[in-house]
Amino acid sequence: QKATAPLVQTNEEKFYGYFWRSQVREINGKKYPSVQGRGAGGQLIFIFPSVDLVVVTTAHNQGMGTMLKELPEKMIPLFN
């Protein structure tokens, strides 16, 4: 818990601490807290405790914006 605890608020909905990011995503009107480990070019770990889901990606992309936005929106409905 301490390793993934939010220590710094980076904007109104995102937090950071101990190399982990946390955020609540709203998908289809429901809120899903997540913990994220992010590496360069698409190396990502997403943990969604409320649906017992862990998603790991290995990729080589310039930037991660599209994957960060689309991964939760596409994966959570499949497991919820």
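The numbers here are math on the coordinates, done by the rules we state, and not lab data. What you are looking at is a predicted structure, and each value in this text was computed from that prediction instead of being measured. All Cβ positions, glycine included, derive from the backbone under ideal geometry; neighbour counts span all protein chains shown.
The figures follow:
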| item | result |
| --- | --- |
| 17 Å Cα-Cα reach of Lys69 towards lysines, excluding residues that sit fewer than 8 places from it in its own chain | Lys14, Lys30, Lys31 |
| Neighbourhood charge, 14 Å Cβ-Cβ cut-off, centred on Ser22 and excluding it, Lys, Arg +1 and Asp, Glu -1 | +4 |
| Evaluated at q = 0.21, 0.22, 0.25 Å⁻¹: base-10 log I(q)/I(0), Debye formula over Cα of the chain | -1.02, -1.11, -1.36 |
| Given charges at beta-carbon only (K, R positive; D, E negative), |dipole| of the chain in Debye | 100 debye |
| Relative contact order (%) - criterion: Cα under 8 Å, at least six apart; region: the chain | 17 percent |
| Efficiency of FRET from Cβ geometry, Lys2 and Lys69, R₀ 41 Å, rounded to 0.05 | 0.90 |
